[in-house]
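Below: the structure, in C-alpha cells.
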Amino acid sequence: MIKSMTGFGKSILQLPTKKITIEVKSLNSKNLDLNARIPSQYREKELEMRNTIAKKLVRGKVDFGLYVEATGEETSNKVNEAIVKEYIRQLSNVHRGDTTELLKMAVRMPDALKTEREQINKEEFDAIKKELTIALSEIENYRTDEGKALEKDFNLRITNIGELLEKVIQIDPERIEIVRERLHKAVSDLKEEVDQNRFEQELIYYLEKFDITEEKVRLANHLEYFTTTLNSSDSNGKKLGFITQEIGREINTIGSKSNYAPMQQLVVQMKDELEKIKEQLLNVL
C-alpha cells in the first residue's frame, strides 16, 4: 500500500499553567527536509523530537511547530526591580515628572525585564512526546488516505497503458505488411531489375529493425511489475519511479520503430498516461 507525502497532524496538550499545541505538516520532497519552530526553553529536547519525527515520516518536506500559550498566573518574565528603581532615580535627575510617568519610561529601558529560563520536567516532556505521537498518527492516517486515492489513479493509468498496448499488438501484423509493401513499391519505382534473393535478405533486415516484439514483452512485464510493487506492503515511491523510467523507455522505442501513424497515435496516448503517473509519483512516499 502506498502513502502520500502530503499530510497534516495536530494535537493540543493542556497543562495547569499553559497550553501546548503541536502541529506537523508535510509536503513532497526527495529526502527528509525537517524545519522545526519551537520555543527556546524546549531546544534541549529538539534533537529527540526530530528523531521521533524522522523515524515516523521518513521522507518529505516537514514543518514541525510547538507553540506555548500561558493560561495561568506563572510567567517567565520578571521585573528587574533594582534596575527599574535605578532607571527611575536617573530619570528623576533629568526630568522632574510624575513617578508614574517615570515608571512607564523605566520599564521600556533595556534589562527592565528579565527572563528566567524554565526547566522542563520529565512529566511535562513525557506528555509532550505523547501528544507528538498523536499528531504523527494523524498525519500518517492522512498520508494513508491520500495514498489510497493515488493508488486508484495509478491502477487506472496502468490499465489504460495495458489496453493501448493490446491495440498495438493487434495492429502490429498490419503495420509489418504495410512496411513490406512500402519497401516493395520503393524498389519497383526504381524501374530496375533486382536480385530477388538479395531483395528478400534486405527486406528481412529492415523488417527486423522495425520489429517491436521484445519491446512489447518488456513493456507488459514492466506494467505487471509496477502493479505488483504498488500492491506491496511498503510504500516505495522511488522504486515506482525507476519502473516508470523503464516503461517510458519501452514506449519510446516502440514509437521510434513503429513507422506507422496509427501505432504512433497509440504511443502518444501511452506517453500521456505515463506523464500523469510521473506527476503523481512525486507525492508518493
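The values are calculated or read from the model by the stated rules, or taken from the named source; none is laboratory data. Quick caveat: nothing in here was measured; it's all calculated off a predicted structure. Backbone-built Cβ (ideal geometry, glycine too); neighbour counts: all protein chains shown.
Of note:
- Close pairs from region 24-39: first in the same structural domain as residue 139 (by TED's automatic domain parsing) and closer than 18 Å to residue 146 by Cα, partner among the aromatic types (Phe, Trp, Tyr) and part of a strand (DSSP E or B), Cβ under 7 Å, at least 6 apart: 24/64; 25/8
- In summary, helices (runs of 4 or more DSSP H) completely within region 179-258 and bearing 1 or more residues that are assigned by TED's automatic domain parsing to the domain that holds residue 167 and at pLDDT 95 or above occur at 213-230, 237-258.
- Hey, residue 84 exposed (fewer than 15 other Cβ atoms within 10 Å of the Cβ), modelled with pLDDT under 80 and more than 30 Å from residue 281 (Cα to Cα) or not: no
- Positions within region 57-72 being acidic (Asp, Glu) and farther than 23 Å from residue 3 by Cα, in sequence order: 69
- Scanning region 88-115 for residues that are modelled with pLDDT under 75 and hydroxyl-bearing (Ser, Thr, Tyr) returns a single hit, 115.
- The single condition among (1) outside any helix (DSSP H, G or I); (2) at pLDDT 95 or above that residue 137 does not satisfy is (1).
- Hey, residue 265 on the phi < 0 side of the Ramachandran plot and without any contact (Cβ under 8 Å) to a residue 40 or more places away in the chain or not: yes
- Screening the candidates 165, 132 for the property of being modelled with pLDDT of 80 or more, closer than 30 Å to residue 43 by Cα, touching a helix residue (DSSP H, G or I) at 6+ places or on another chain (Cβ under 7 Å) and not basic (Lys, Arg) yields one hit, 132.
- Members of region 228-237 that are surrounded by 11 or more Cβ atoms within 10 Å (Cβ to Cβ), out of contact with any Gly (no Cβ under 7 Å at 6 or more places or on another chain) and within 16 Å of residue 143 (Cβ to Cβ): 230, 236, 237
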